[in-house]
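Novice: First, the structure itself, so that you have it in front of you.
The values are calculated or read from the model by the stated rules, or taken from the named source; none is laboratory data. All figures in this text were calculated on a predicted structure; none of them were measured in a lab. Reconstructed Cβ throughout: ideal geometry from the backbone, glycine too, with neighbour counts over all protein chains shown. Heads up: the accessible areas ignore ligands, DNA and RNA and are worked out on the full protein's heavy atoms, side chains in. Shrake-Rupley method; radii C 1.70, N 1.55, O 1.52, S 1.80 Å.
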Amino acid sequence: MAQVENVTPGVLAGWMEAGEVLLIDVRDPERYATRRIRDARSMPLPTLDLSQLPPLDGRRLVFQCEVGINSHTAALRAVAAGIPAVHNLEGGIRAWRKAGLPVVEDTRRPLPLQRQVQMIAGTLVAAGTTLGYLLTPWFLLLPAFVGLGLLYAGATGNCGMAALLVRLPYNRRALRT
């Protein structure tokens, strides 16, 4: 039975120069729009439909994500579906960039919502804890509230903070492009 083969960024770059590869980026559309490898096609893992792949025409099929974990999952699906010559970009786009290889970037796009939520939640926890220690213990309710919000978001998949952030003008503008 065929198996997934990891490929290094340098080897993949050579294959791409020779036109020997179909590169599929399985990250979410927001990350793909912000930073991607040239000629990569977006097919997010949660909705990945292998029947929608264009013909390989003798090319190698390479899956890529942020660090190489989700793309390995996609590659395993392709192998199970009987697709030949399936590869996974070892280390994902992070390894690609670390190797000094070019990426297409849209610097006008805001940070991904997940990172915005993480930064704001971290700031609120740090501020609430510091103020609770220095001024009054009542400020400790702030990190507790944030923690409960994150617990709820993890359990339900609905993040109230993200729902608020997506309404900010710079995020709305990014969603339309």
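Novice: Residues of the stretch 156-167 being open to solvent by less than 80 Å² (accessible area, probe 1.4 Å) and either of a type in the set (S, T, N, Q) or without any contact (Cβ under 8 Å) to a residue 12 or more places away in the chain (or both), which ones?
Specialist: Pass one, the stretch 156-167, residues open to solvent by less than 80 Å² (accessible area, probe 1.4 Å): 156-157, 159-163, 165-166.
Once the filter is applied, which keeps residues that are open to solvent by less than 80 Å² (accessible area, probe 1.4 Å) and either of a type in the set (S, T, N, Q) or without any contact (Cβ under 8 Å) to a residue 12 or more places away in the chain (or both), the stretch 156-167 yields THR156, GLY157, GLY160, ALA163.
Novice: Let me ask something else. Under 7 Å between Cβ atoms, which residue pairs at least 6 apart in sequence (or on different chains) link something in the stretch 79-103 that is closer than 25 Å to GLY58 by Cβ with a partner that is surrounded by fewer than 19 Cβ atoms within 10 Å (Cβ to Cβ) and of a type in the set (Ser, Thr, Tyr)?
Specialist: GLU90/THR8
Novice: Go through the stretch 99-133 residue by residue and tally those that are assigned to a loop (DSSP other than H, G, I, E, B) and acidic (Asp, Glu).
Specialist: Counting residues in the stretch 99-133 that are assigned to a loop (DSSP other than H, G, I, E, B) and acidic (Asp, Glu) gives 1.
Novice: Within 21 Å of the chain's Cα centre (by Cα) and crowded, with 16+ Cβ neighbours inside 10 Å - does that describe any residue in the stretch 118-135? Spell out the reasoning first.
Specialist: Here is the first cut: in the stretch 118-135, the residues within 21 Å of the chain's Cα centre (by Cα) are 118-122.
Next cut, crowded, with 16+ Cβ neighbours inside 10 Å only: 121.
Scanning the stretch 118-135, I find at least one residue that is within 21 Å of the chain's Cα centre (by Cα) and crowded, with 16+ Cβ neighbours inside 10 Å, so the answer is yes.
Novice: Please indicate, with yes or no, whether at least one residue in the stretch 62-73 is touching a residue at least 24 places away in the same chain (Cβ under 8 Å), open to solvent by 30 Å² or more (accessible area, probe 1.4 Å) and part of a strand (DSSP E or B).
Specialist: Of the stretch 62-73, the ones touching a residue at least 24 places away in the same chain (Cβ under 8 Å) are 62-68, 70-73.
After this cut, where a residue has to be open to solvent by 30 Å² or more (accessible area, probe 1.4 Å) as well, the list is 66-67, 70, 72-73.
When the remaining residues are screened for being part of a strand (DSSP E or B), the result is none.
No, there is no match, as no residue in the stretch 62-73 is touching a residue at least 24 places away in the same chain (Cβ under 8 Å), open to solvent by 30 Å² or more (accessible area, probe 1.4 Å) and part of a strand (DSSP E or B).
Novice: Taking ARG31, is it open to solvent by less than 70 Å² (accessible area, probe 1.4 Å) and either modelled with pLDDT of 95 or more or at negative phi (or both)?
Specialist: Details: open to solvent by less than 70 Å² (accessible area, probe 1.4 Å): yes; either modelled with pLDDT of 95 or more or at negative phi (or both): yes.
Yes.
Novice: Between a residue in the stretch 128-155 that is touching a residue at least 24 places away in the same chain (Cβ under 8 Å) and farther than 20 Å from VAL117 by Cα and any residue that is of a type in the set (A, V, I, L, M, F, W, C) and in a helix (DSSP H, G or I), which pairs come within a Cβ distance under 7 Å, given they are 6 or more apart or on different chains?
Specialist: Short answer, once both residue conditions are applied: none.
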